[in-house]
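Notes follow once the structure below has been shown.
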Amino acid sequence: MMKFLFMMIFIIPLCFIKKMFWLVQMLLLFMMMMMMMNLNISFIYFSNVSYMYSCDMISFGLILLSLWICSLMIMASENLLKMNFYFNFFLFNVMFLLIMLYMTFSSMNLFMFYLFFEGSLIPTLMLIIGWGYQPERIQAGMYLLFYTLFASLPLLLGIFYVYVSIDTMYIYMLKFYSMNFYLLYICMVLAFLVKMPMYFVHLWLPKAHVEAPVSGSMILAGVMLKLGGYGMLRVLIFLQMINIKLNYLWVVISLVGGFYISLKCFSQVDVKSLIAYSSVAHMSLVIGGIMVMNYWGFMGSYILMIGHGLCSSGMFCLANINYERLNSRSIFINKGMMNFMPSMSLWWFLLMSSNMAAPPSLNLLGEISLINSLMSWSWVSMIMLMLISFFSAGYSLYLYSYTQHGGYYMGLYSFYSGVSREYLLLLLHWLPLNFMILKVDYGMIWF
């Protein structure tokens, strides 16, 4: 894995050479291809690189997702290149963020994991504050920073407590221990629940998404939310005894919150805000699946994390394509788009249908697995699961029908249809999302 890390570090100087963005993008895709060629059956277990860094199937899938989303972020942000708006620094920021994510997913030491987990916040904050649109982006950045940092300090104390108690921070060794201390459990889990985010601690997410540029929204929805799920999959290994006693609390909050957020989506008039709230509703199912701690739950949460990363990132791209033409995120101005961009309407439908977990998307498989796991835990959860599934289809159709159908906004006087770069960008979100279901056994063998 060290060779890929060095390759990413040596890509950074290319960011500052004029008009070399295409080479950065190609090298990221080439690196992804090389990683997939290196994939072998030993990845089911930990392929140790050193004491500090390692890779198994969970981290491998999320590293590939990070590489994919980062290369698409560069493609989606071509407007910055046209306006010459510090595009070189933007590329540097993307590469810095990618290195942080890569190190987070391949860390085997709890402290190193914490270090890069928090470090990934810095380039995200820079993206929002540096390339965001409205002056409110400063407030959104503060929300993002304080929500995550307040929850992360207890995590650091918890990691030190683990080290003092069992004299190791090596994640692979932690599965041989079981810690039964309530305060430690709350400290370790809270940071990841805020990052997911769970209902009650989710307010930073819509603010950050609404004010972020398209690249910030893509990486936030695509990968940053998955850091919470990944962290929980790692730390619950040695907190399983106490988690079985307390999991009902998180499952109830997540499912009821997911249902309430689904209803909240119907009252949104901001397209990006609606997509952000739909992310909270989807991640509530992931929290439920992880907390139940059975095979179906772990498998479904992992598959849904990958599927949601591709789907929500594509939806933010669609919202940005409209925003670049209309300079508005309002659902009342973004209407009747079928009159102007009939071919883009197809992409809206394809990604919205994937968002509501229609076959053959990964979201369908993930949601079915999560429904299985939660219903095996308690039959009562079936009520909330039915409502969440129904209303997620509802708000997806609501967003599609409002933006594509009806009369268009009469204030429009200039409009241009989609360009090939935008269609390619959406295709590269949709293809892996729907074709990975053919090779979904990689989501099942790691546990």
Provide a single number: the residues in segment 281-300 that are in contact with a Phe, Trp or Tyr (Cβ under 7 Å, 6 or more places away or on another chain) and either of a type in the set (Asp, Glu) or closer than 30 Å to TYR323 by Cα (or both).
1
So which helices (runs of 4 or more DSSP H) are wholly in segment 240-337 and hold at least 1 residues that are touching a helix residue (DSSP H, G or I) at 6+ places or on another chain (Cβ under 8 Å), more than 21 Å from GLY132 (Cα to Cα) and among the basic types (Lys, Arg)?
240-265
Residue in segment 39-48 that is surrounded by fewer than 19 Cβ atoms within 10 Å (Cβ to Cβ), assigned to a helix (DSSP H, G or I), of a type in the set (A, V, I, L, M, F, W, C) and modelled with pLDDT of 90 or more present
no
Checked segment 168-211 for anything modelled with pLDDT of 90 or more and of a type in the set (D, E, K, R); matches are LYS195, LYS207, GLU211
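When segment 350-366 is examined, which residues are found to be assigned to a helix (DSSP H, G or I) and under 19 Å from LEU427 (Cβ atoms)? I'd like the intermediate steps shown before the answer.
Step one: list which residues in segment 350-366 are assigned to a helix (DSSP H, G or I), which gives 350-355, 362-366.
Those that are assigned to a helix (DSSP H, G or I) and under 19 Å from LEU427 (Cβ atoms): LEU350, LEU351, MET352, SER353, SER354, ASN355, LEU362, ASN363.
I'd like to check something: does segment 381-393 contain any residue that is hydrophobic (A, V, I, L, M, F, W, C) and not in a helix (DSSP H, G or I)? I'd like the intermediate steps shown before the answer.
Restricting attention to segment 381-393, the residues satisfying the condition of being hydrophobic (A, V, I, L, M, F, W, C) are 382-388, 390-391, 393.
So of that shortlist, the ones also not in a helix (DSSP H, G or I) come out as none.
No.
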Just checking, which of PHE96, PHE116, PHE105 is in contact with a strand residue (DSSP E or B) (Cβ under 9 Å, 6 or more places away or on another chain), surrounded by fewer than 22 Cβ atoms within 10 Å (Cβ to Cβ) and of a type outside the set (S, T, N, Q)?
PHE116
Please give the number of the condition ALA276 fails out of (1) free of Cβ contacts under 8 Å to residues at least 12 places away in the same chain; (2) within 21 Å of ILE321 (Cα to Cα); (3) of a type outside the set (Lys, Arg).
(1)
Kindly indicate which of PHE160, PHE200 is part of a helix (DSSP H, G or I) and of a type in the set (Phe, Trp, Tyr).
PHE160
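The values are calculated or read from the model by the stated rules, or taken from the named source; none is laboratory data. Because the structure is a prediction, the values reported are computed rather than measured. Positions of Cβ are generated from backbone atoms using ideal geometry, with glycine treated the same way; all protein chains shown enter the neighbour counts.
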